[in-house]
There are 2 protein chains.
Amino acid sequence: MLGMMSAVAASLGSKGERTRERILDVALDLFRQHGYEATTMRMIATAAGVALGNSYYYFPSKDHLVQAFYERMHAELVEACRGILDGHVALRARLRLVMRTRLDVLRPYHGVSGTLFRTAADPRSPVNPFSDASGPTRRASIDFLRDVLAGSNARLPRDVASTLPHLLWLYELGLVLFWVHDRSPQQRRSYELVDDTTDAIVRLLALAHLPGLRRIRQRMLHWVSTLVAEGAQ
Amino acid sequence: MLGMMSAVAASLGSKGERTRERILDVALDLFRQHGYEATTMRMIATAAGVALGNSYYYFPSKDHLVQAFYERMHAELVEACRGILDGHVALRARLRLVMRTRLDVLRPYHGVSGTLFRTAADPRSPVNPFSDASGPTRRASIDFLRDVLAGSNARLPRDVASTLPHLLWLYELGLVLFWVHDRSPQQRRSYELVDDTTDAIVRLLALAHLPGLRRIRQRMLHWVSTLVAEGAQ
DNA sequence: GTCTATAACCGGATAGAC
DNA sequence: GTCTATCCGGTTATAGAC
């Protein structure tokens, strides 16, 4: 009996973890169906089969459900990229694939994502991508981008190479912000934007070697580090 | 008597307009003192001497107070720049002055501005800078930046000149976003960022003439127009 | 110590009378 | 244009069950 229990616990997690997953699952479903505002905590609790107050035991606020959503989206991106990048060594191709996959993974949430990203600009919200609470996801995202870079055959100046993952993370934020506002069918425009901007990034990186731009390049890289690292505080 | 009434109406607006101004004034005061969330509509109504329901006659939602805040901040920027730019014809100097003044004007609201800008990423909020409701302020801001450019002695390719105001407006948004997160004393870092980035912008504009970058330049300008003009929808 | 349930609080928003 | 009364939903306090 005990053995069985452990096996279940190992595969599905403890009872509490399963309840947490169930709440998050129904919450994201309801968000997609009715939107963020229209989905009440009471609806979520009912659909998950728990009492209202109980859902606050697992998620201290409605915002924390959004935080969990981000984490899930990151995990899905990494999973979806597994295998896709193999055999591609050109930086442009790798970037394009990752960013297109980013949009693919987010697609089911396009309708609600506007509201889900609503708190992104609030420095005091835990959901803000620069916050401490977002730190683990942010670092995971940046590390992932570093791997994407490392797998390419691009040869970059040392200072560029070390900061580029942070810059790309900012680029990814901007891309998602564009996508959120994109009303073209299937968000086709956002995919075109990916193609054009990844191309531009690679071409501009080639300019990074120009000696006349050395000082300005270093200053801009400094600001990127400042924003990503210390904007976090 | 009637003449007096008209005179008062002309200087202070109708009774309704004065009530609206009073509500907005106390709201912004309370926001600065207690923050956005901590300031309740009940507090605002009481301080303005109107009933709770009545304040909703003037501002359909708490968000609409934020909208009015944006409009006021734009008006204050234009007012504060009056005279300051005279005699400066170098684009770098003009940009730097405008952006520094932008931060000066916002400074009293640094504490709350995070929350005030919270809805910036929500495409369906009227407060979102790309929304229809923000259209007038957005256009006014872009027109203002166009004037700032026009007063400089910079000679730019035609396509760059026509889109640069939109690009600068995006730059201004980004700058404010940085400033919101800036915890350095007096937000000194943000002012340094202004200096470094206005410098970078002017230097990069000089590169716009390079023939090898023509195609990429046109594509990027196209995206800026798309985002600012049609992101609005 | 982990989890669940009930009841209440508070504030944004609305309805409808005057 | 202004008020009163009310709704609705996020959040919290708290008491207890496993």
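Each value in this text was obtained by applying a stated rule to the coordinates, not by laboratory testing. Because the structure is predicted, anything quoted here is derived from the model rather than measured. Cβ atoms come from the backbone with ideal geometry, glycine included; neighbour counts cover every protein chain shown.
Miscellaneous remarks
- Taking every residue in B:178-185 and counting other chain Cβ atoms within 10 Å of its Cβ, the average works out to 4.
- Using alpha-carbon coordinates, inclination of helix A:15-34 to the longest axis of chain A, degrees: 70
- Residue-wise HN-Hα couplings along segment A:84-91, as the Karplus relation 6.51 cos²θ - 1.76 cosθ + 1.60 with θ = phi - 60° gives them from phi, are 4, 7, 4, x, 9, 10, 6, 4 Hz; Gly and Pro carry x.
- In order along segment B:38-51, the phi-based Karplus estimate (6.51 cos²θ - 1.76 cosθ + 1.60, θ = phi - 60°) of 3J(HN,Hα) comes to 5, 7, 8, 4, 5, 4, 4, 4, 4, 5, 8, x, 10, 6 Hz; Gly and Pro are listed as x.
- Residues B:SER134, B:SER141, A:SER14, ranked from the fewest to the most other C-beta atoms within 10 Å, line up as A:SER14, B:SER134, B:SER141.
- Point-charge dipole on Cβ atoms (K/R +1, D/E -1) for the protein assembly as shown, about Cα centre, debye to 20: 820
- Estimated 222 nm signal from helices in chain B, with DSSP H stretches of n ≥ 4 weighted -39500 (n - 2.57), rounded to 500: -22500 deg cm²/dmol
- Between helix A:158-181 and chain A: long-axis angle, C-alpha atoms, 0 to 90°, nearest 10: 50
- Projecting the Cα positions of A:LEU207, A:GLY16, A:LEU164 onto the charge dipole of chain A (unit charges on Cβ atoms of Lys, Arg, Asp and Glu, taken about the Cα centre) puts A:LEU207 furthest along the positive direction.
- Rg then Dmax, both in Å and based on the Cα atoms of the protein assembly as shown: 24.6, 94.
- Mean projection area, nm², convex hull over Cα of chain A: 15.5
- Stokes-Einstein D in µm²/s, Kirkwood radius over Cα pairs - segment A:21-107 at 25 °C with 0.890 mPa s viscosity: 168
- Shielding by partners - mean other protein chain Cβ count within 10 Å, residues of B:15-26: 0
- 7 Å along Cα→Cβ, label-point gaps from B:LEU213 to other copies, nm, shortest first: 0.6
- Put in line by how crowded their Cβ is, counting other Cβ atoms within 10 Å and starting with the fewest, A:ASP159, B:ASP182 read A:ASP159, B:ASP182.
- If the convex hull is drawn through the Cα atoms of segment A:92-197, its volume per residue in Å³: 104
- Distances in nm from B:SER61 to the matching label points in the other copies, shortest first (labels 7 Å along Cα to Cβ): 1.8
- Size of charge dipole - chain A - debye, nearest 20, with Cβ of Lys, Arg +1 and Asp, Glu -1, no other charges: 460
- Average beta carbon contacts from partner chains per residue of A:138-148, 10 Å cutoff: 0
- Compactness index (Cα Rg / 2.2 N^0.38 Å), segment B:185-233: 1.56
- DSSP-assigned coil residues among trypsin sites (Lys or Arg not before Pro) in segment A:82-112, each with at most 11 further Cβ atoms within 10 Å: A:ARG82
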